[in-house]
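Peer 1: One structure, pasted below without further comment.
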Amino acid sequence: MKNAISFPAAGAAKWEGVLGNTSRYIEARELKNRALWAAFVNEFRVQKDGERNAWAGEFWGKMLRGACITWRYSGDPELYEVICGTVEDMLTAQDPLGRFSTYTVDTEFRGWDMWCRKYVLLAMEYFLEICPDDGLKARITEACKKHADYIIEKVGPGEGQIPIVFTSNWWGGMNSCSILEPMVKLYALTKEPRYLDYCRYIIETGGCAYGDLFAQALENKTLPCDYGSDKAYEMISCFEGILEYYKLTGEEKYLTMAENFFRAVRETDVTITGCCGTHGEQFNRSAVNQTDPAMTGVMQDNCVSVTWLKFAGKLLALTGKACYAEVMEQTAYNAFLTAVNLPEEEQPFDTYGALLLSHRGKSRGGWQPLAAGGGYGCCQCIGSAASGLMPLSAVTWNDDGVFVSFYEQGTAATPFGVLRVETKYPAEGEIKITAEAEGTFALRLRIPGWCRRCALTVNGEAVKAEPGDWAVMERRWNRGDEVRLTLDMETRVIHAAPGRFEVCQRHTALRRGPLVMARDLRLGEDVMLPARPLEKDGAAEAELWRNESFPSLVSLAVRDENGGVFHVADYGSCGKTLDARSLMTCWLPEEDYLTPEKEEFCICGEAGYIGLDPDGTCSLKNKGTLFRARKTGAGFYRLESEDRYLRCGGYALAWSEEPGGEESEFRLISDRGGKRYIANKLTCRLVKPNFTDGQVMCSFEPYKWILK
Ligand SMILES: [Zn+2]
């Protein structure tokens, strides 16, 4: 199978809006950092990951993939030179057995070893796609074959081999099975049958020890969060492999699997900002859980955002369907942009996102110390894949014409000629495209699905355009022909879906064009207060507003139902201090459900949830949840939950190794005497682990109120 669309040659597209600028910023700040590349390669020489079942070995391949995608967009000679240098360096780190591994032979094939080896193989293949040097290509291909052959010899279904799903104690081995993607590419590269056999073997395992991911996706009856293991990033990575296998074989059922999986995730597990997972990094019905006041902790992982965006990008390339570009846009402008750190921060990307009365910077996901000094994180290494892919994918083409998927000021050289785009999108909805081309071809513009009204003209003549699809203009184009697209930029009011609790539904959000809006404490207003935008025909009354507090793409003054005004900025620009100074919320509580004045309020467990017993002990379970607390005569609070999606097992174990020694964090939001209080670091100490009923008993310290 060929891709349905082709991408521009390196340097053939030049974009000057937020997508192009972000790509250039990451290229300069992270991808040209030679010391960082050297430190990543060094991990393969010292081989320390096996001591802690760690994953520093993923950094090199993951960032190199992003660097290759970024170079395919920018064509920057210095970047190419840096990439080439680190590839040469890595070739010298292959051990005599043919392994590129950060685990020693004694510790290999456990933890994240296969995952890290996957990234080396995948990145080498990404580099082969951009490398013009036949000699170097031959050396890399030989190295990749040796690397893969060692794995094939040791890991498999035969006697004395380790089944691939048992090469990791994490996530049912989904991390290991995602090596499917580079194995397919290796077969495509070499045509050596053992690699194809190995791909078939991986697919037959189902990708996970706890449930066959691929069979369930084909059957399309189970939600991805219930496939067996729920880790979003690793599971999406397995389906990237399935798409690669489809591309190789053309067997329709593999595309069906991937598209079914995509649709199910989009419907049930994607949040308003385009990420998945509102509890840690796992699929967990985020579409309904995103307004759950208990889910305000570590959530919305950047690795998930980027992998989801990339998966949509692969589907777009294979099928040419506009819906995949729509998903890329949602994730890129919201979940992804908010994770891009300001230059003054130590790291180029942050890890976890905030949706409801929370802040960024809560933790750095996937952090590992480096033997060369310092440390790095998984979410930092992955970012450039998204910042490179968006501008690369903005204008593409097939045999009969051009696709414009994303709108940004700049130019793209295509085989049909140059297109010049003039726009301030996504801040404004006016887009002018001038053809600096002559000839007959189809020009397709993506009309975003969020748009209710749009107008499209060619040289002033109206053309049909339907939101959610391509508007196709097939005609003879002359130099200077002008296309104008106007998208409605009204501020839409989004109502929350019903969730676990009645309170989940009592939230609204604002979206202007593709940009989700959020309140940020730096705008000078109490973001904990309820806000009810005045709504008319699905839209809010909102005006562009000059935000003096921090740079933003769009800031708005929004009229509320009481005749007052509150202020919001685009979500991607919010939360940038990575701490409580930019406490933020994009879901707006419609009323103050967190007040204890009526002897009743809500308590949220960030990492687990608690139930308080009259003897002063608590039950601690595995999932974040929301409780209503009612004061009892004995001075205790009785906590009640309306949880409908309760599942036990798993997390409590992590806290219970040492009775009395482990602490967990809880969060209380309250309102006493008209003042706002937050206790974010409330600790809960375990005293009596008891797994018989899926609960852990623990003591509970008095609430420590912190005045905000
Ligand atoms: Zn990560």
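Peer 1: Which of 395, 503 has the fewest other C-beta atoms within 10 Å, and how do the rest follow up to the most?
Peer 2: 503, 395
Peer 1: Which order do 205, 319, 102 fall in if you start with the one that has the fewest other Cβ atoms within 10 Å?
Peer 2: Lowest count first: 319, 205, 102.
Peer 1: Something else now. Roughly how many debye, to the nearest 20, is the charge dipole of the range 469-509 about its Cα centre, given +1 on each Lys and Arg Cβ, -1 on each Asp and Glu Cβ, and no other charges?
Peer 2: Roughly 80 debye, rounded to the nearest 20.
Peer 1: Just to check, using Stokes-Einstein with a Kirkwood Rh over alpha carbon pairs, what's the diffusion coefficient of the range 115-250 at 37 °C and 0.692 mPa s in µm²/s?
Peer 2: Rounded to a whole number, D works out at 216 µm²/s.
Peer 1: Here's something else I'd like to know. Residues with beta-carbon under 11 Å from that of residue 444, excluding residue 444: net charge, scoring Lys, Arg +1 and Asp, Glu -1?
Peer 2: After counting each charged neighbour, the total is -2.
Peer 1: Three principal axis extents, largest first, for the C-alpha atoms of the range 491-589, in Å?
Peer 2: Extents along the principal axes: 34, 28, 26 Å.
Peer 1: Moving to a separate point now. I need 226, 269, 520 ordered by Cβ neighbour count within 10 Å, fewest first.
Peer 2: With the sparsest Cβ surroundings first, the list reads 226, 269, 520.
Peer 1: While we're on this one: So if the hydrodynamic radius of the range 397-487 is defined as the Kirkwood radius over C-alpha pairs, what does Stokes-Einstein give as its diffusion coefficient at 4 °C and 1.567 mPa s, in µm² per second?
Peer 2: My calculation gives 100 µm²/s for D.
Peer 1: What does the charge count around residue 535 come to, taking other residues whose C-beta lies under 9 Å from its C-beta (Lys +1, Arg +1, Asp -1, Glu -1)?
Peer 2: That sum, taken over residues with Cβ under 9 Å, equals -1.
Peer 1: Quick one: if you take sqrt(5λ) for each eigenvalue of the C-alpha gyration tensor of the range 296-431, what semi-axes come out, biggest first, whole angstrom?
Peer 2: For the range 296-431, the ellipsoid semi-axes come out as 31, 16, 15 Å.
Peer 1: Oh, and also: Where the Cα atoms of the range 37-89 are projected onto their three principal axes, how long is each span, largest first, in whole Å?
Peer 2: For the range 37-89, the Cα extents along the three principal axes come out at 39, 17, 11 Å.
Peer 1: Work out the P(r) tail for the range 172-313: percent of alpha carbon pairs separated by more than 17 Å, whole number.
Peer 2: In whole percent, the share of Cα-Cα pairs in the range 172-313 beyond 17 Å is 57.
Peer 1: OK, next. Report the full-extension gain for the segment residue 169 to residue 345: residue separation times 0.36 nm, less the Cα-Cα distance, to one decimal in nm.
Peer 2: 59.9 nm
Peer 1: Please provide three numbers in whole Å: the alpha-carbon extents of the range 403-449 along the principal axes, with the largest listed first.
Peer 2: Principal extents (Cα only, largest first): 32, 21, 12 Å.
Peer 1: Say R0 is 22 Å: what FRET efficiency, to the nearest 0.05, do residue 424 and residue 549 get from their beta-carbon distance?
Peer 2: 0.55
Peer 1: Continuing with the same structure: How much FRET efficiency would the formula 1/(1 + (r/R0)^6) give for residue 526 and residue 1, where r is the Cβ-Cβ distance and R0 is 56 Å, rounded to 0.05?
Peer 2: Efficiency, from the Cβ-Cβ distance: 0.55.
Peer 1: Residue 489: net charge of surrounding residues, Cβ under 14 Å, Lys/Arg +1, Asp/Glu -1, itself excluded?
Peer 2: Net local charge, residue 489 excluded: -1.
Peer 1: Give me the one-decimal nm value for the distance between modelled label points at residue 398 and residue 321, 7 Å along each residue's Cα-to-Cβ direction.
Peer 2: For residue 398 paired with residue 321, the spin-label model returns 1.3 nm.
Peer 1: Once all Cα-Cα distances of the range 12-68 are split into 10 Å bins that start at 0, what whole-number percent is in each one?
Peer 2: 20, 41, 24, 12, 3
Peer 1: Please find the FRET efficiency linking residue 221 to residue 466, where r is the Cβ-Cβ separation and R0 is fixed at 41 Å, and quote it to the nearest 0.05.
Peer 2: Taking R0 as 41 Å, the efficiency between residue 221 and residue 466 is 0.85.
Peer 1: Beyond 21 Å, what share of the Cα-Cα pairs of the range 57-193 remains, rounded to the nearest whole percent?
Peer 2: The answer is 40 percent, as a whole percent.
Peer 1: Still on this structure, please answer the following. Past the 30 Å Cα-Cα mark, which pairs from 145/321; 2/62; 2/48?
Peer 2: 145/321; 2/48
Peer 1: Give the separation of the Cα centroids, the range 283-319 to the range 460-492, in Å.
Peer 2: That distance is 30 Å.
Any read-out appearing in this document is the output of simple, stated calculations on the displayed coordinates, not a laboratory observation. Model, not experiment: these values are computed from the prediction. Glycine also receives a Cβ, built like all others from the backbone with ideal geometry; neighbour counts cover every protein chain displayed.
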